[in-house]
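The values are calculated or read from the model by the stated rules, or taken from the named source; none is laboratory data. Just so we're clear, the structure is a prediction, and the values are computed from it rather than from any experiment. Quick reminder, even Gly has a Cβ in these numbers, built from the backbone with ideal geometry, and neighbours come from all protein chains shown.
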Amino acid sequence: MQEQTLKKVAIVGRPNVGKSSLFNRLARQRDAITSDISGTTRDIKKRIVTISQNREFEVIDTGGIDYSTELFSKVAEFSLRAAEQADIIIYMVDGKTLPSDEDRELFYKLQEQGKPLALVVNKIDNDKEEERYWEFLEFGADATFPMSVSHNRYFNDFYAWLEEYIPAPIEEEEGLQLEEDAELDPFAEIVRDINAVPEEEDTKIRVAIIGRVNTGKSSLLNALLGEERSVVSDVAGTTIDPIDEMIEHEGHEITFIDTAGIRKRSKIVGIEKYALTRTTELLKKANLVLLILDSTTQISELDERVAGLIEEHKLACLIVLNKWDINEDRTYEEVVDDFRDELKFLHYAPFITISAKTGLRVHKILDQITAIYSRYTRRISTSELNDTLREAIRRHHVPSHNGAVVNIKFATQYETKPPKIALITNRPEFLHFSYIRYLANFFRSKFDFEGVPLDIVARKRGQRVDDE
């Protein structure tokens, strides 16, 4: 039985983009020297690391590719040579800067080798900064990943890509040993670290229970938890402090936020004013909202204002029609149609009719929560998204504006929770909101986004997403 050859993964890029930091993160040790001084790494460092299912590979840290001096040019030569000898190449760029011509040229040169090649956009340190990463998609890489090595963020997709090219180990026959005269790598100081595993999938869901006073929020929480943990009373405003309770369901850790009942501002006094402020703050931390409505009453202006908080925070949503056990004469279709007409901005949110008091259909809410959350965190690949975009444009061409041609060059999803999509166009100011709405509906028809808001913006190439 032959020894399985380890794949070689080379990390290359210009100086000070975070190559050594990524090397250290993969090797789970601070071995390569990291600093903000260009050219710190001048030699080649190698380590053997292990990721999921005992997949082993050799990671190679290279010096920054820079031709500004004779010394740096020599370092660049060694770095490119390491890339030629590698099986897989990771090209890193600095996500805090705009794409440069030097990076494009180097990336395209590496792309000519025909090897698995990923473009890693480093220094995307928070969700807001992830907006910058889509500017690098113009490189046309088969795999582009936003990442913050220093904050250990966004590693899941990157590890999943690596696993496609790193084979699982071949089981050795009993008593099999490596040949003693196997060739030794003069550069390598072999270090095996079984703790180098990919980040776990985010399975923690924060669910805010929101609605007018006395709609049954606390009763619903008790029904979901299977025991009484919130005070239930017919007296409006009984719940003052939000109550957090956690339950596990289908591998997810669901934390419910039993928010204080929201009443008209003119009636908010003392501690309830504090409760409203705290409720609004908690919504900023929520992933998903259960909007509790009383199915026995008509929708009110206050209900619309409460629902408006969901739109404001771009949260996933399930509309829960409570007290269905005492609903009389009206069919499901009639009730939902009436509520849907009044809550048009929550058109994406599904309805469920329940009775928190009797437990009718309450158990289905947990399944809905996990399903909606999976869609809320979903990332559509750029190629798949653009195939759908082209199909949409073929069916309904982008309208011109006073004779000016408006072209959409491509689309990319640059964020999740909620899914955010940028349309790169030559004239973003002339892309009519009705056409953006058409594209949003078309995307929904192709991808399952039930319960999830879509945030679509039109931008010029190179323009930041948050620019107006």
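If the condition is being assigned to a loop (DSSP other than H, G, I, E, B) and surrounded by 12 or more Cβ atoms within 10 Å (Cβ to Cβ), then segment 99-112 contributes 99, 100.
For residues that are touching a Lys or Arg at 6+ places or on another chain (Cβ under 9 Å) and of a type in the set (A, V, I, L, M, F, W, C), scanning just segment 321-348, find the one that is farthest from residue 289 (Cα to Cα). Among residues in segment 321-348 that are touching a Lys or Arg at 6+ places or on another chain (Cβ under 9 Å) and of a type in the set (A, V, I, L, M, F, W, C), the one farthest from residue 289 (Cα to Cα) is 326.
Would you call residue 285 in contact (Cβ under 8 Å) with a residue 40 or more places away in the chain, among the charged types (D, E, K, R) and loosely packed, with under 15 Cβ neighbours inside 10 Å?
Yes.
Looking across segment 133-156, the residues that are of a type outside the set (A, V, I, L, M, F, W, C), surrounded by 18 or more Cβ atoms within 10 Å (Cβ to Cβ) and not in a strand (DSSP E or B) come down to 133, 135, 154. For segment 367-374, the condition of being more than 20 Å from the chain's Cα centre (by Cα) and in a helix (DSSP H, G or I) holds for at least one residue. Here residue 95 meets each of (1) at pLDDT below 85; (2) more than 24 Å from residue 6 (Cα to Cα) with one exception, condition (1).
For (1) surrounded by 17 or more Cβ atoms within 10 Å (Cβ to Cβ); (2) over 23 Å from the mean Cα position of the chain (by Cα); (3) at pLDDT below 75; (4) assigned by TED's automatic domain parsing to the domain that holds residue 370, each residue gets a yes or a no:
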site: 263; (1), (2), (3), (4): yes, yes, yes, yes
site: 269; (1), (2), (3), (4): no, yes, yes, yes
site: 272; (1), (2), (3), (4): yes, yes, yes, yes
site: 279; (1), (2), (3), (4): yes, yes, yes, yes
site: 300; (1), (2), (3), (4): no, yes, no, yes
site: 308; (1), (2), (3), (4): no, yes, no, yes
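Tally the residues that are crowded, with 21+ Cβ neighbours inside 10 Å, touching a helix residue (DSSP H, G or I) at 6+ places or on another chain (Cβ under 6 Å) and of a type in the set (Ser, Thr, Tyr), restricting the search to segment 352-379. Selection size over segment 352-379: 1.
Yes/no per residue for (1) assigned to a helix (DSSP H, G or I); (2) touching a residue at least 12 places away in the same chain (Cβ under 8 Å); (3) among the basic types (Lys, Arg):
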site	(1), (2), (3)
389	yes, yes, no
394	yes, no, yes
410	no, yes, no
413	no, yes, no
436	yes, yes, no
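Considering only residues in segment 395-425 that are surrounded by fewer than 20 Cβ atoms within 10 Å (Cβ to Cβ) and among the hydroxyl-bearing types (Ser, Thr, Tyr), the one that is farthest from the chain's Cα centre (by Cα) turns out to be 400. Looking only at residues in segment 81-99 that are under 30 Å from the mean Cα position of the chain (by Cα) and among the charged types (D, E, K, R), the one that is nearest to residue 115 (Cα to Cα) is 87. Do we find that residue 318 is outside any helix (DSSP H, G or I) and at negative phi in this structure? Against the criterion (outside any helix (DSSP H, G or I) and at negative phi), residue 318 qualifies.
For the condition under 30 Å from residue 299 (Cα atoms) and either free of Cβ contacts under 8 Å to residues at least 12 places away in the same chain or part of a helix (DSSP H, G or I) (or both), residue 441 qualifies.
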